[in-house]
Amino acid sequence: MAQKEWIDKDYYGVLGVASSASADEIKKAYRKIARDNHPDAHPGDAVAEEKFKTASEAYSVVGDKDKRAEYDEIKAMAASGVGGFSGFNGFGGGSTGGFSGSEGFDLGDIFGGMFGGGGTGTRTRTPRRTRGADVETEITLDFREATKGVTVPIRLTSPAPCTACHGSGATPGTSTSRCGTCHGEGLVSENRGAFGFSRPCPDCNGTGTRIEDPCTDCGGSGRVTRTRTITVRVPAGVVDGQKVRLAGQGEAGERGRAAGDLFVTVHVRPDDLFARSGDDLKVTVPVSFAELALGDTVTVPTLDSKVRVRVPAGTADGTTLRVRGRGVAKRNGNSGDLLVTVRVSVPKNLDEGAASALRRYAEEEKRSGFDPRANWAGN
């Protein structure tokens, strides 16, 4: 969206947050609106769809750190009159210094020095090549799907290229032509005394092209809102809250312009057995006292199969044993480790034979001089 269009937009109000809201507060507010008004949940509800689209537009600006800074600066200048330029389009409808708000000058020329254009010198005149807006959505995966990677289809409702005109905006069989007024640049220049200003060409609306016979399906915009299915490949090892970017899968740009990107936030359900520590996979294995005291080999599950882990004699309860390369796959092709924590499982009921043997062991243990509380709590 062009910066001049931000003047009339209250993106914070759309999301229901204060202009001082944190990034997390803005994201939370957007997600709630998007969830409550998603077209998939309200098919045919034009009001919900409009709220969804408006919230997405607002979040694409104030949810982006750099765009938010520009938006705040422009809004602040608009509120203060920008040093006498309050007559420009969207600045309140007044007229200052001989410029009328109806003339629609490109604020990019006025504010160019603030956003990289420099305060002096010659600006490069370029047509408005506005791409489509970025789109955000969310998916939820099982723990093992996230660690191993998975391909999932998602349904997305957003502006997409018109299938009738293939995004050109012109009726099939006809074509677009270069605008004769701006010669395809999308901008026209106007001199006012010592100042030179560029504004969108009024004959082609800044597109640089003209359509004599607009497509009836899309009204000449080259895009229509529809629901489509997109396949998302989630890489192995994705963590909860991580975003997957699909370039060019966001909203289609008008008249064949580049589409925005699709950002898919991945949520991961906890697993009953495994947990993660970075790229390491953690699992807790129940063992008996005899297996710890005498040593043994236990079978432990992994994401793919099972491995046998040697427990050395005299291993303490709660010890973590490391198995190299059996954790979560990394992007470089290697894998993290499997961290196996052993925990003693105490039997609740013993038959007489087992109880008798355990009593004999306890007596022998005392005779050997073993004291489990030696040097503990002042002993």
Original post:
If only Cα atoms are counted, what is the Rg of the range 135-177, and what is its Dmax, in Å?
Top reply: 18.3, 54
Original post:
What is the Cα centroid distance between the range 132-154 and the range 261-306, reported in whole angstrom?
Top reply: 22
**OP:** Would you grab the residues whose amide H sits under 5 Å from the one on residue 160? Only those 5+ places off in sequence or on another chain, please, with H modelled 1.01 Å from N.
**Re:** 224, 225, 226, 252
Subject >> Stretchable slack from residue 24 to residue 271, in nm (0.36 nm times residue separation minus alpha-carbon distance) >> reply: 86.3 nm
**OP:** Report ³J(HN,Hα) in whole Hz for each residue of the range 252-263, in order, from the Karplus equation J = 6.51 cos²θ - 1.76 cosθ + 1.60 where θ = phi - 60°; Gly and Pro get x.
**Re:** 5, x, 6, 6, x, 5, 4, 7, x, 9, 10, 10
Original post:
In terms of modelled amide H atoms, which long-range or inter-chain residues lie less than 5 Å from the amide H of residue 311?
Top reply: 296, 297, 298
**OP:** Tell me which residues come under 5 Å, amide H to amide H, from residue 169 once H is placed; ignore anything under 5 positions away on its chain.
**Re:** 222
**OP:** Over the range 226-315, consider all pairs of different Cα atoms and compute the Kirkwood hydrodynamic radius from their mean reciprocal separation; express it in Å, one decimal.
**Re:** 17.4
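Given the Cα atoms of the range 176-330, and with Rh set as the inverse mean 1/r over their pairs in the Kirkwood sense, what is Rg to Rh to two decimals? Spell out each step's value before the answer.
Values: Rg = 30.9 Å, Rh = 22.2 Å.
Taking Rh as the inverse mean 1/r over Cα pairs, Rg/Rh reads 1.39.
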**OP:** Calculate, in nm to one decimal, what residue 343 and residue 360 gain on full extension: separation in residues at 0.36 nm each, minus their alpha carbon distance.
**Re:** 3.7 nm
Subject >> Per-residue ³J(HN,Hα) for the range 45-53, Karplus 6.51 cos²θ - 1.76 cosθ + 1.60, θ = phi - 60°, Hz, x for Gly and Pro >> reply: 8, 5, 5, 5, 5, 5, 4, 4, 5
Original post:
Taking K and R as +1 and D and E as -1, what net charge do the other residues with C-beta under 14 Å from the C-beta of residue 264 add up to?
Top reply: -1
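What FRET efficiency would be calculated for the residue pair residue 373, residue 236, taking the C-beta separation as r and a Förster radius of 30 Å, to the nearest 0.05? Spell out each step's value before the answer.
Working: r = 47 Å, r/R0 = 1.57.
The formula returns an efficiency of 0.05 here.
Computed over the Cα atoms of the range 275-367, what is the convex hull's projected area averaged over all directions, in nm²?
On the way: hull surface 29.1 nm².
Averaging across all directions leaves 7.3 nm² for the Cα convex hull.
Quick note: the coordinates plus some simple rules give every number you see, no bench work behind them. Note that the coordinates shown come from a computational prediction; the quantities given were computed from them, not determined experimentally. FYI the Cβ positions are ideal-geometry reconstructions off the backbone, even for glycines, and counts take in every protein chain you see.
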